[in-house]
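Heads up: the structure comes next, in structure tokens.
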Amino acid sequence: MSWQGLYEKKKSGVEDILKLIRSNMTIVVGMAASEPQFFLSQLHNAPGDLNNVNVFTCLNMQNYPFFSDATNEGRFINNSWFYNAWNREAVKKGLKTVTYVPNNLHQAAVNLIETRKIDMYVGIASPMDRNGYLTLSLGITYEKDVIEHADIVVLEVNPNAPRTHGDTQIHISDVDYILEVDYPIPEITLIEPTEVEQRIGANIAELVEDGATIQIGIGGIPNAVAQFLKDKKDLGIHTEMFTETMIDLFESGAITNKRKTLWPGKFVCTFALGTRRMYDFIDDNPGIMMLRGRIVNDPYVVAQNEKMVSINTALMVDLTGNVCSEALGTQHFSGTGGQLDTHRGAVKSKGGKGIIALRSTVKKGTISTIVPTLPQGAPVTVPRQEVDYIVTEHGVAHLRGKTVRERALELINIAAEEFRDELKREAKRLGLI
């Protein structure tokens with residue numbers, strides 16, 4: 001049988017896939033732009049008296065009924081590695097359809113595989129080539145590892161999904177069911193940095209040397225950083241997430257990837273999320289190498305890049321340097337993701353830097369993000385013993401190797417001016433200074 005013949009034999013309808021679902025199953029789906037939107041939009045229609053179907057997702061792109069509709073309590077539970085607004089809303093409503101999975105990104109697949117049986121994987125793929133190969137398109141953070149351990153593999157083949165290079169290839173013989181779909185790949189638009197974010201970006205850019213390899217995410221602050229990196233020379237990319245700003249830096253000549261220690265000449269990432277322009281740039285681009293998250297984000301791999309700079313954002317930091325990036329007290333907001341992974345790797349890198357950035361205030365200047373202590377129940381995303389640089393619009397605090405007293409004084413100096421006296425009083429009360 002030809003590869004095309006095998007492909008045709010494996011084509012199915014979503015109703016037939018839903019009939020395969022049983023109580024207590026574990027279903028894992030692709031993350032972010034690799035999310036199987038058609039399958040997830042129909043999942044709540046699975047027939048039968050189902051209960052306790054565990055669906056593992058990461059950064060959902062839509063508000064799916066299987067977790068947002070109260071009628072699905074007891075039937076499905078969305079185990080999420082990274083919350084979005086819809087997950088938060090479901091929790092706020094008191095629904096028992098969502099729960100968080102604490103993890104470091106590079107361990108997500110391994111932890112999952114070692115602790116439970118994977119019954120089904122569903123994700124997207126680019127169309128098959130003449131040799132029978134599809135690609136997992138926009139991400140293999142955990143996807144390919146899970147596929148290799150799943151009993152059932154279902155792929156939504158989408159003509160809009162870019163064909164990618166690296167370790168994303170999968171052969172039709174390793175797929176059980178094909179769902180042919182044709183919907184737009186999810187996009188997120190660039191956030192224009194505010195004046196405050198531009199000041200933070202300028203402060204961070206001063207720390208990035210020519211020839212550095214960088215990891216950078218999305219949002220106003222990372223976008224601002226990119227604006228101030230355009231005059232740098234021979235930057236390289238080793239990042240969990242490929243972003244739009246990397247194209248701009250490549251086209252300006254700032255990114256060449258030539259001086260990277262690992263995989264020189266290549267953008268290295270584990271997933272991508274952006275606009276159609278970015279997906280077109282990635283499509284069949286051999287200069288972009290997607291590898292598994294357990295490789296890209298392994299701190300010991302990250303650390304092999306000399307002059308590695310990790311740039312991440314946070315919600316708050318206490319006066320001893322503990323960083324919280326994922327929750328407001330006990331109210332979970334997002335996830336650890338790869339922040340601690342890349343931060344640890346950068347700090348261990350020869351000439352590397354781990355940078356945590358945050359606005360000095362939120363809520364229109366009424367709340368300081370530099371706090372005496374983290375709120376009760378707040379998780380520590382980057383522990384103080386591993387923190388390196390903290391950056392706000394008011395400057396840079398270099399905390400690595402510093403005493404608690406030195407840290408408190410440096411952090412107060414980069415806090416918003418109107419909160420500094422209060423922070424000093426609290427620091428004295430706590431015995432920090």
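Which one of these is in contact with a helix residue (DSSP H, G or I) (Cβ under 7 Å, 6 or more places away or on another chain), part of a loop (DSSP other than H, G, I, E, B) and surrounded by 18 or more Cβ atoms within 10 Å (Cβ to Cβ): 346, 427, 397, 415? After ruling out the rest, the residue left standing is 415. Quick check on region 263-277. Is at least one of its residues in a loop (DSSP other than H, G, I, E, B), of a type in the set (D, E, K, R) and either in contact with a Leu (Cβ under 8 Å, 6 or more places away or on another chain) or under 21 Å from residue 210 (Cα atoms) (or both)? Yes: one or more hits. Selection of helices (runs of 4 or more DSSP H) fully inside region 82-158 by the criterion of at least 1 residues being more than 21 Å from the chain's Cα centre (by Cα) and of a type in the set (D, E, K, R) returns 85-92, 108-115. Number of residues in region 239-262 that are more than 23 Å from residue 337 (Cα to Cα) and either open to solvent by 10 Å² or more (accessible area, probe 1.4 Å) or in a loop (DSSP other than H, G, I, E, B) (or both) equals 12. What about residue 63, is it in a loop (DSSP other than H, G, I, E, B) and open to solvent by 20 Å² or more (accessible area, probe 1.4 Å)? Yes. State whether one or more residues within region 104-118 are over 28 Å from residue 12 (Cβ atoms), modelled with pLDDT of 95 or more, acidic (Asp, Glu) and open to solvent by 10 Å² or more (accessible area, probe 1.4 Å). Scanning region 104-118, I find at least one residue that is over 28 Å from residue 12 (Cβ atoms), modelled with pLDDT of 95 or more, acidic (Asp, Glu) and open to solvent by 10 Å² or more (accessible area, probe 1.4 Å), so the answer is yes. Criterion applied to 250, 242 was being farther than 21 Å from residue 104 by Cα and free of Cβ contacts under 8 Å to residues at least 60 places away in the same chain, and the one residue passing it is 250. Tell me yes or no: at least one residue of region 24-32 is of a type in the set (S, T, N, Q) and not in a helix (DSSP H, G or I). Yes, region 24-32 contains a residue that is of a type in the set (S, T, N, Q) and not in a helix (DSSP H, G or I). The C-beta contact set for region 71-99 (first residue open to solvent by less than 40 Å² (accessible area, probe 1.4 Å), second residue among the hydroxyl-bearing types (Ser, Thr, Tyr) and at pLDDT below 95, distance under 6 angstrom, 6+ apart or interchain) comprises 83/334. What number goes with the only condition from (1) open to solvent by less than 10 Å² (accessible area, probe 1.4 Å); (2) assigned to a helix (DSSP H, G or I) that residue 281 does not pass? So the condition that residue 281 fails would be (1). Taking region 263-277 only, how many residues are buried (at least 21 other Cβ atoms within 10 Å of the Cβ) and touching a Pro at 6+ places or on another chain (Cβ under 9 Å)? Number of matching residues: 2. Would a scan of region 235-245 turn up a residue that is of a type in the set (D, E, K, R) and out of contact with any Leu (no Cβ under 8 Å at 6 or more places or on another chain)? For region 235-245, residues of a type in the set (D, E, K, R) and out of contact with any Leu (no Cβ under 8 Å at 6 or more places or on another chain): absent.
Answer yes or no: is there a residue in region 312-322 that is out of contact with any helix residue (DSSP H, G or I) (no Cβ under 8 Å at 6 or more places or on another chain), open to solvent by 30 Å² or more (accessible area, probe 1.4 Å), within 20 Å of residue 216 (Cβ to Cβ) and in contact (Cβ under 8 Å) with a residue 40 or more places away in the chain. Yes, because at least one residue in region 312-322 is out of contact with any helix residue (DSSP H, G or I) (no Cβ under 8 Å at 6 or more places or on another chain), open to solvent by 30 Å² or more (accessible area, probe 1.4 Å), within 20 Å of residue 216 (Cβ to Cβ) and in contact (Cβ under 8 Å) with a residue 40 or more places away in the chain. Restricting to region 32-56, name every residue that is open to solvent by less than 60 Å² (accessible area, probe 1.4 Å) and of a type in the set (S, T, N, Q). Result: 34, 37, 41, 42, 54.
The values are calculated or read from the model by the stated rules, or taken from the named source; none is laboratory data. Being a predicted model, the structure only gives us computed values, none of them experimental. Positions of Cβ are generated from backbone atoms using ideal geometry, with glycine treated the same way; all protein chains shown enter the neighbour counts. What goes into the accessible areas is simple: the full protein's heavy atoms, side chains included, and nothing from ligands, DNA or RNA. Shrake-Rupley method; radii C 1.70, N 1.55, O 1.52, S 1.80 Å.
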